[in-house]
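What follows is a short report on a single structure.
The values are calculated or read from the model by the stated rules, or taken from the named source; none is laboratory data. Everything numeric here is computed off the predicted structure, so don't read it as measured data. Heads up, the Cβs are rebuilt from the backbone with ideal geometry, glycines too, and the neighbour counts pull from every protein chain shown. Heavy atoms of the whole protein, side chains included, go into the accessibility calculation; ligands, DNA and RNA do not. Shrake-Rupley method; radii C 1.70, N 1.55, O 1.52, S 1.80 Å.
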Amino acid sequence: DTGLFSYDPGYTSTASCRSNITFINGKKGELRYRGIPIEELATEHTYLETCYLLLNGELPSAQKLLAFDLEIRHRAFLHEGLRHLFNAFPDNAHPMATLSAAVTALASFYDEHLNMENGTEYLEMAHRIIAKIPTIAAFAYRHSLGIPFIQPDIDLAFTRNFLTMMRAYPGGKMHLGTEGHDEIKEVEVRALDTIFTLHADHEQNASTTVVRNVASTGAHPYVAIASGISALWGRAHGGANESVIAQLEMIGSVDRVDTFIAKAKDPDDPFRLMGFGHRVYKNFDPRARILKKLQDELKEEIGLNSHLMEIAEKVEEIALSDEYFISRNLYPNIDFYTGIILTALQIPKSMFTPVFVIGRTVGWITQWIEFKQDPQSKIARPRQLYSGQ
Ligand code: SDX
């Protein structure tokens, strides 16, 4: 449980790898970024401070944070030419498809990766992608609505900027969405900022391993990120947050929960309880605990969907007391709670996994840099255990 795998240089670096970015103790349900507990980062720091910590190994001073914030704001704009890419996609294209394609296209606008030598160039490349991902995600959403894109507002901080790009009419102060409230509340910004922090990195999960694999071939860092986006889309991984809400809507009422729990336990039924279980956490996902607390805090302030919450609470109550789930260490994971909060922030479920991408991009690019700067790293070549004739 040291959080460090033994490093076997003769073996491919993707089977196990050395890293000093994120520590997880799955048995105890602990998560630390650069040694700092996730509970502290999620409650006492902003997402941008967490980005700086992951990239630089320490939290920023006020002065360094100001400089970092200004650089991210300046880099959030997209090249005008990139807009046309979105028009190649049908309105009903899933935003994860457009997001992955647009990030791949971004690689052709910046080709310095071949001769990046030092930390500064790596950091500049990292700042750029962290800054542009929210703009690309908001463009993908606005394309799906058939409404004009709006570029980021340099006067707005990271998370408020994203919510504004998601909601504002071009040029006006009016906002999309049924509530009609004309401003984005600070409590909404804080909730989304916490969600970004909780998603920032998570050690060698499936999509991060993909990013490291692509890093090992020497391909452009932005196509490594685009590959991570594609891997994250799967419902067993980052796509689970969207599936959780779809599943709660399908269950439809508290009195139908038992039926679906029985389906989830049936070995012959492929149905699984979305948002439950984890490859590493055999205890409560610490991020899920933080989100559950956040959900309870937000109930009054922004009016969460009580119907879906009621069903989710019933699922949780039954699953946490059922022998099938207990004996398999199946607890709620981060995706079980995200969707209800994002729904209250007027973010549609098709955008839940893009929100995961916005939070995780800093982790992916930090892991990419760590891989590139490790003199022992080798091209990915997992060992095959041949089972043929
Ligand atoms: C993320 O790795 C990371 O760090 C990922 C992530 C990150 O931050 O990057 O944390 C983000 O991907 C969170 C996980 C989101 N996915 C879901 O919520 C989808 C639903 N969960 C399952 O698909 C599953 O739990 C996984 C994929 C998450 C984990 O699968 P495991 O650890 O490989 O579990 P398993 O397939 O070995 O299952 C063990 C047993 C099996 O039953 P038996 O064969 O022993 O009888 O548990 C059962 C499974 O059938 N099981 C479930 C279940 N998950 C596992 N049964 C019902 N519902 C479930 N959700």
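Computed from label points 7 Å out along Cα-Cβ, the spacing between residue 265 and residue 379 is 5.0 nm.
Peptide packing for 319-331, 36-48 was compared via the average number of neighbouring C-beta atoms within 10 Å per residue; ordered from the highest value, the list is 36-48, 319-331.
Under the classification rounded if a/c is under 1.5, otherwise prolate if a/b is larger than b/c and oblate if not, where does segment 137-269 fall, given a ≥ b ≥ c as square roots of the Cα gyration tensor eigenvalues? It is oblate, given that a/c is not under 1.5 and a/b is not larger than b/c.
Between rounded, prolate and oblate, where does segment 42-105 land on the alpha carbon gyration tensor, with a ≥ b ≥ c its root eigenvalues, rounded for a/c under 1.5, else prolate if a/b exceeds b/c? Prolate.
Ligands, DNA and RNA are left out, and with a 1.4 angstrom probe the accessible area of the chain is 44 Å² per residue. Considering only protein heavy atoms and a 1.4 Å probe, what is the carbon-and-sulfur percentage of the accessible area of the chain? Exposed carbon and sulfur together represent 53 percent of the surface. Placing a pseudo-label 7 Å from each Cα along the Cα-to-Cβ vector at residue 43 and residue 301 gives an inter-label distance of 1.4 nm.
Protection proxy ranking for 233-246, 125-138, using the average of other Cβ atoms within 10 Å per residue and placing the highest first: 125-138, 233-246.
Take the alpha carbon gyration tensor of segment 258-322, find the square roots of its eigenvalues, order them as a ≥ b ≥ c, and report rounded if a/c is under 1.5; if not, report prolate when a/b exceeds b/c, else oblate. Note, shape of segment 258-322 comes out oblate.
With the helix formula -39500 (n - 2.57) applied to DSSP H stretches of n ≥ 4, the chain reaches a computed 222 nm mean residue ellipticity of -17000 deg cm²/dmol. Using C-alpha pairs below 8 Å separated by at least 6 residues, the relative contact order for segment 269-382 is 35 percent.
With every protein chain in place and a 1.4 angstrom probe, the accessible-area ranking of 121, 49, 297, 188, largest first, reads 297, 121, 49, 188.
The modelled label-to-label distance for the pair residue 282/residue 70, using points 7 Å beyond Cα in the direction of Cβ, is 5.1 nm. Charge tally around residue 46: other residues with Cβ under 10 Å, Lys/Arg +1 each, Asp/Glu -1 each, net -3. Ordering 257-263, 54-60 by mean Cβ neighbour count within 10 Å, with the highest value first, yields 54-60, 257-263. For the pair residue 322 and residue 389, a Förster radius of 30 Å applied to the C-beta separation gives a FRET efficiency near 0.10, rounded to the nearest 0.05. Checking the cross-link pairs 27/293; 292/314; 265/314 against a 18 Å limit on the alpha carbon distance flags 27/293 as lying beyond it. Averaging the sequence gap over all C-alpha pairs within less than 8 Å and six or more residues apart, then dividing by the number of residues, gives the chain a relative contact order of 24 percent.
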